[in-house]
Structures are given as structure tokens and as C-alpha cells.
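Since every read-out is calculated from the coordinates, none of them should be taken as a lab result. Because the structure is a prediction, the values reported are computed rather than measured. Positions of Cβ are generated from backbone atoms using ideal geometry, with glycine treated the same way; all protein chains shown enter the neighbour counts.
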Amino acid sequence: MSTQSVSLAGTPAASPLGYFSWTFGQAARDPYYILVIIYIFYPYFSNTVVGDPVKGQALIGYITAAAGLILAVTAPFLGAIADKDGRRKPWILGTVAVMSAGALCLWFIEPEGRGISLMLSVAILFVIKVCFTVSEVFHNAMLPSIAPINRIGLISGMAFSLGNVGGLLLMLFVLLAFAMPGTQPWAFLPEAPLFGIDQANHEHDRIVGPIAGLWMLLFTLPVLLFTPDGKASPLPMWQLAQEGVRDVVQTLKHVRHYANIARYLLARMFFIDGMVGVLTFGGVYASGTFGWDTTTLLIFGLCTSASAMFGAYVGGRLDDRVGSIRALQIAIATSSVVLLTLVSVQPDTILYVMEVGSEPVWNSPYFATLPELFYFATNQVFAMFFVTGLSASRTLMARIAPPEMATQFFGLFALSATVTAFLAPLLVATATDLFDSQRIGFGSLALLMVIGAILLLKVKEEQATVAGG
């Protein structure tokens, strides 16, 4: 068979309908992450529902840490069980159904203790967070068996691209339909928020939950309908669970055999944490440096998603052309340089020493000064290479893991992104306090990316075999 018809698993690849439908699983999930976690609902939950940004951020941190602990204990075992069963779609359907129901419930998390209680709100966010990662594990694990060898980078990149398209479209809708009406006298805006949305009661923040939940249900359908799944095992579930646990134990016993994968997962813990930290704290740094409000940050997020969409596609092409490791190294190196450029910006300065003033350079209520425009443009470069890094890191995992153990290793892959999730926030907080500088705190994330890049030098792009197989 040619590389156009053979998958990494050595089996016939799926048809274009099958593997392009797989990309819609990413398009289904990512808008939730973009709208709820990064830009709209989590900030609302922290600042308004909890009522104290410091306590709110800490509470979100505890939710993330607790979900990470649950995943650390369960993800590899669930993956091993699914590898034995052969099917991933039932797990995807189950987790998406729970996430969508939970996202719909976010509408009822109201300010000042109204609606759902704080304790129940935390429980809902926790369950969604766990299901989000479990769904990602099983969706990623389908990639090695459906994608043609010579197109795996493109397919992975296209999935991230579609995810950002979805996030961009939904953010634009929320911005123009609910957040901006009544705040600007522009002719293209409605005079008041659509559908009677009450901004004073933060309904424009809460509506993103139901929107993301319904979107997730709709765009998971192509995966469930058109992407081929593995064949179900005739064995009962209790026996599959028993064999899955035994396989995880055997994997740990043969860790030397999987040393290349272990080195990669260790490197990924650092560079992904650093890159995600830049994404997480980029808006915080800009808000503190320039005083950007919610609408400005939403516009910033919209443009960042558009840049990420473009970067995901180009990054996928780069992956197929130069290989996953080389594409990943380019993404990490560029992201590190971009971060150091971002922290060079102050209200009247760019590139640390170039004083350009803080006067508006054009007649706009947003991004009016040269430093703001420079920061905005530089961040678009980061967005492109950040998503290139995400896509290449997934395809590299698909290339080096044994296809027979894909879900188990993608469980460890997901774990490597959550087990050190505390590291970037802790590093930023510590460096900020120690040097009394937001710039140094934000810039310290480059250290994590450099460590990850150095560890990545020891990783080989070669597929492992099953130990003893």
C-alpha cells in the first residue's frame, strides 16, 4: 500500500470523509475551552460569582488540580481498557453528553449567590473539566488508525484550525449580539442585546455555557457518524477492565523499553506548561499593563483565535514536510522569542529601550497606542506557533506510541499536560512577588520552554513496539 492509504497503525487508513470528520471532534470541544475557560465564563466566575479575584483564581486552581489528580489515577487505565475493547466512540459520546449537560447548567450560575450554589457550581465545573480531558484522550487515540501516514500532520493541524474557527465565530457572535450592544454607538450593532439578554445580570457571560454545550453536541456528530471506530471485543467489560489494569502495570514494568516515549512526555510537561502559561497570562499582562477592559480582551481573543486557526493549518503542513520533532522545536523556539518580545512592551516602550510614547496613533477606542498595537501584533505570532506546537506534539505522540496501545499512551499524554499544570502559575506568581515585577513574572515562563526544548533533544521520532511483542 502507498503512504496515502496506510495509517500509522499499519492498517488501511480511513477515507477522506472519515478522517476529515474526525477533525470536527476538535471543532466541537475547543470553543468551550475558548469561551468558558479562557475569555468569558471563568473570569466572570472568579470576579463576580466568587466575588474576589484572588480567591476565585485560587478556587479555579483547586478545580484544575483536583481534576488533574483524578485523571492521573484513571486516564491510563481507562485508555488501556479502551485499547482492549477497540472502541473509542462510546467514550466520546458519553463524555460529550455529560459536558454538554454541564455547560447548559452554567446559565444558572448567577451573581450574588442566586441560582446554583457555589459548591454545586464548583462540582459542575470539576465534572466538565474531567470529562473534557477524557474525551480528548479517546478522540486523540483514534488518529493513528485513521490518518494516512503522509497526511497526519495536516489532519491534526486542521483539527486545531477548525477548533479555533469555532471559537472565533462564537466569540464574534457573543461580542456583537450580547456584549457590545448599548456600549458603542456603531450602526452595525443592535441598540440592545439580542433575545432580551440582561448585561447587568451578567447574562452575556452566562450564555456562553449553553452556546458551547449545544455547539459541542452538534459538531461531535460527524465523528460519531462518519469516522470509523475499532471493532468491539466479545469479552465482558469486567474482563476488559482486568486486562487493562494488567496492561498498565506491565507498561510501568517495561518503562525502559518505552524510554523514548517517557523522555518525550517529560519534555512535554515543561514546554507545554510554559506555552499554555503564555496563553493564560497574556491577557492578564496586557490588562495590567494597558488597562484593557472585557470588550478589548474579547476582541484580542477573537483575533488571536484567527491567528491560531491560520497557524494550525500552516503548522500541519510544516509537520508533514519536516517531521513532528523539527516542527515542535521551531514552535518552541519561536514561542520563547515571542514571549521575551511581549514582555519588552510597556505603556510607552517597546523592545525594552525604544521609547515611543503612550499617545494614541489612530482614532480607535481599542488598541490606540503604538505599544498596544505592537503587543497585539506580536501576540498573533505567538498564537500561530502555539497551535503549531500543540498540533505537532499530538502527531509526535501518534508517531512514537505503539498503535496497539494508543489510548493508554494518549492517557499518559493528557496526564503530562495536567500533572504539572500548577508549575506555570506558581512560577509566574513566585517570580512576580520576588522581583515585584509583572514583566519578570510573565517572562519567567521562557524558562519552562527552554527546559522542555533541551529535553526534547533526546527524543527520537521512531515508533515503539509493544514490550515483549
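Order these by the 10 Å Cβ neighbour count, fewest first: F310, F281.
Lowest to highest Cβ neighbour count: F310, F281.
How large is ³J(HN,Hα) for each residue in the stretch 97-106, as worked out from phi by the Karplus curve 6.51 cos²θ - 1.76 cosθ + 1.60 (θ = phi - 60°), to whole Hz, x for Gly and Pro?
Whole-Hz 3J(HN,Hα) from phi for the stretch 97-106: 4, 5, 4, 5, 4, x, 5, 4, 5, 4.
Stokes-Einstein diffusion coefficient for the stretch 16-456 at 4 °C in a medium of 1.567 mPa s, Rh from the Kirkwood formula over Cα pairs: what value in µm²/s?
Details: Rh = 22.4 Å.
Estimated via Stokes-Einstein, D reaches 58 µm²/s.
Using a 10 Å Cβ count of at most 13 others and DSSP loop calls, identify the longest part of the chain lacking such trypsin sites (Lys or Arg not before Pro).
Of all site-free stretches, the longest is 257-457.
Once amide H atoms are placed 1.01 Å from N in the peptide plane, what residues at a sequence separation of 5 or more from T369, or on another chain, have their amide H within under 5 Å of its amide H?
V361
As I understand it, the value is the acute angle between the Cα axis of helix 370-400 and the longest principal axis of the Cα atoms of the chain; what does it come to in degrees, rounded to 10?
Result, in degrees: 10.
What nm value, rounded to one decimal, do you get for the distance between F195 and V73 when each label is placed 7 Å out toward the C-beta?
3.8
Among residues other than G357 whose Cβ falls under 15 Å from its Cβ, what is the net charge (Lys/Arg +1, Asp/Glu -1)? The partial results should precede the final answer.
Working: positive: none; negative: D348, E355, E359, E372.
Spelling it out: positives minus negatives among the neighbours equals -4.
Between T430 and Y366, how many nm apart are label points set 7 Å from Cα along the C-beta direction?
Between T430 and Y366, the label points sit 3.7 nm apart.
Would you pull out the residues with amide H under 5 Å of V6's amide H, same chain only if 5 or more places away, H placed 1.01 Å from N?
Long-range HN contacts for V6: A13, I149.
What is the distance, in nm, between label points placed 7 Å from the Cα along the Cα-to-Cβ direction at K231 and at A101?
Between K231 and A101, the label points sit 3.3 nm apart.
With angles folded into 0 to 90 degrees, how steeply does helix 16-32 sit against the dominant principal axis of the chain? Use alpha carbons for both and round to 10.
Between helix and principal axis, roughly 40 degrees.
Residue-wise, which Karplus ³J(HN,Hα) couplings in Hz belong to the stretch 188-196, taking 6.51 cos²θ - 1.76 cosθ + 1.60, θ = phi - 60°, and x for glycine or proline?
7, 8, x, 5, 9, x, 5, 6, x
Which order do Y366, Y42, Y264, Y313 fall in if you start with the one that has the fewest other Cβ atoms within 10 Å?
Y366, Y42, Y313, Y264
Tilt of helix 53-85 relative to the longest C-alpha principal axis of the chain, in degrees (0 to 90, nearest 10)?
It is inclined by approximately 20 degrees.
How do D198, D205 line up, fewest other C-beta atoms within 10 Å first? Before the final figure, lay out each step's value.
Values: D198 12, D205 28.
Ordered by Cβ neighbours within 10 Å, fewest first: D198, D205.
State whether the stretch 64-199 is rounded, prolate or oblate according to the following rule on the C-alpha gyration tensor (a ≥ b ≥ c being the square roots of its eigenvalues): a/c under 1.5 gives rounded; otherwise a/b larger than b/c gives prolate, and the remaining case gives oblate.
Since a/c reaches 1.5 but b/c is at least a/b, the shape of the stretch 64-199 is classed as oblate.
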